[in-house]
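Working notes, beginning with the structure itself.
The values are calculated or read from the model by the stated rules, or taken from the named source; none is laboratory data. Treat the numbers as computed from the prediction; the structure is a model and nothing was measured. Note that we place each Cβ from the backbone using ideal geometry, even for glycine, and neighbour counts take in every protein chain shown. The protein model used for the area step is the full one, side chains on, heavy atoms only, and it has no ligands, DNA or RNA in it. Shrake-Rupley method; radii C 1.70, N 1.55, O 1.52, S 1.80 Å.
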Amino acid sequence: MNERKLRKLLQVEGATTTELFCTVHVLRADHIAVIFSSHPQSEVLGGWQPYSHGVVARAALAGESCLVDDVSLFPDYLSVYHGIASEFAIPMVSGSEVSAVVNFESTEKYFFSKHRTRFLELTSRIGDYFQFQGAASQSRFLLVSEPLLIRVGSEDRLKLEVSAISDRLLKDLAGNPLLVHQLGFRKFEEVVGRILEDLGYAVTLTPIQKDGGFDLFAETQLETGTVLTLVECKKWSPENPVNISVVRNVLGTLSVREATNAMIVTTSRFTRDARREADVARYKLSLRDYQDLRLWLARYDVIT
């Protein structure tokens, strides 16, 4: 049993296209996490949604299948993929509680009402690829290594290995900030993560394969509550400024995720239109360019 075989099964059923596809979600204490998607541009593994919105959440809470013929009429519908018209969420039960939800989405209204039995049977076959043991919080997924899953807000979340970013590297960058342009994109994300951790954030890296519109979770505790910032890193050349479309994409990602705000960090600069757009959303989005990076890195110049 592996991911390739599961995708083959769904391909035979025609459920690996933008018109019809499947996602699998596991239940956690305070959110629902994605662990598989057959969509051609699949969601980030570990991407999550709250229990307060969406068809998947309704099935998870009720412990019953939730078939929606027209998602535009569904209250608190959570939109992730463009053009979805109908949805069929089917819970998987371990013992006396729901451990996971298999969710099918289609661009055709009333599609699942016409094929209800077919997808109930397909869900049973999909279940053969999973191993759910005991409580939902202890469930395991066979197709993806457990450490790849992001669990924002849970104690077993994947933590950034800050030791991978040495003090020596930070001191070198502080002495010559132009060296950031020689970093690989992943190393740049790790550097930003290390800087944010040193600023007091709890930082989580997203998987390298699919980042879902952002690269880091940065969480901090204030007296007024928890603040979660989604961080998108753009390791671009100085001649390639970050434009307004990037700003809009990040704001769009923020709108469908339960986060407080977002931040874009770049080795380049931002266009005038990008800054104007961000200024309108100043309470939701902050921009940090190469000059801001230099100020962040300057504090490491004292490392001995």
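Here segment 188-219 is the region considered, the condition is being within 23 Å of S268 (Cβ to Cβ) and exposed (fewer than 15 other Cβ atoms within 10 Å of the Cβ), and the residue that is modelled with the highest pLDDT is L199. The sole residue among F21, F36 that is under 28 Å from F217 (Cβ atoms) and either basic (K, R) or modelled with pLDDT of 90 or more (or both) is F21.
Report yes if T260 is surrounded by 14 or more Cβ atoms within 10 Å (Cβ to Cβ) and at pLDDT 95 or above, otherwise no.
On the way: surrounded by 14 or more Cβ atoms within 10 Å (Cβ to Cβ): yes; at pLDDT 95 or above: no.
Spelling it out, it is not the case that T260 is surrounded by 14 or more Cβ atoms within 10 Å (Cβ to Cβ) and at pLDDT 95 or above.
Among the residues of segment 46-75, which ones are touching a helix residue (DSSP H, G or I) at 6+ places or on another chain (Cβ under 8 Å), at pLDDT below 90 and open to solvent by 40 Å² or more (accessible area, probe 1.4 Å)?
In the first step, residues of segment 46-75 are kept if they are touching a helix residue (DSSP H, G or I) at 6+ places or on another chain (Cβ under 8 Å); the result is 46, 49-51, 55, 65-69, 71, 74.
Filter once more, keeping what is at pLDDT below 90: 46, 49-51.
Matches in segment 46-75: Y51 only.
Against the test of being in a loop (DSSP other than H, G, I, E, B), β-branched (V, I, T) and under 24 Å from L120 (Cβ atoms), the options V80, V34, V56, V26 yield a single qualifying residue, V80. Would you mind telling me which numbered condition in (1) more than 13 Å from the chain's Cα centre (by Cα); (2) in contact (Cβ under 8 Å) with a residue 24 or more places away in the chain S245 fails? For S245, the failing item is (2). If you take the residues of segment 95-122 that are hydroxyl-bearing (S, T, Y) and open to solvent by 20 Å² or more (accessible area, probe 1.4 Å), which of them is farthest from C22 (Cα to Cα)? Here the residue is S96. Listed by first and then second residue, the pairs linking a residue in segment 198-218 that is under 14 Å from K235 (Cβ atoms) and part of a strand (DSSP E or B) to a residue that is of a type in the set (G, A, S) and at pLDDT below 85, with Cβ atoms under 8 Å apart and 6 or more places separating them unless they lie on different chains, form an empty list. Of everything listed in (1) surrounded by fewer than 20 Cβ atoms within 10 Å (Cβ to Cβ); (2) at pLDDT 90 or above; (3) under 26 Å from L179 (Cβ atoms), the single unmet condition for V280 is (3).
Restricting L183, L179, L173, L222 to residues that are more than 30 Å from H39 (Cα to Cα) and surrounded by 19 or more Cβ atoms within 10 Å (Cβ to Cβ) narrows the list to L173.
From the list V227, V265, exactly one residue is within 20 Å of Q182 (Cα to Cα) and either at pLDDT below 90 or part of a strand (DSSP E or B) (or both). Which is it?
Numbers: V227 fails: within 20 Å of Q182 (Cα to Cα).
Of the residues listed, the single one that is within 20 Å of Q182 (Cα to Cα) and either at pLDDT below 90 or part of a strand (DSSP E or B) (or both) is V265.
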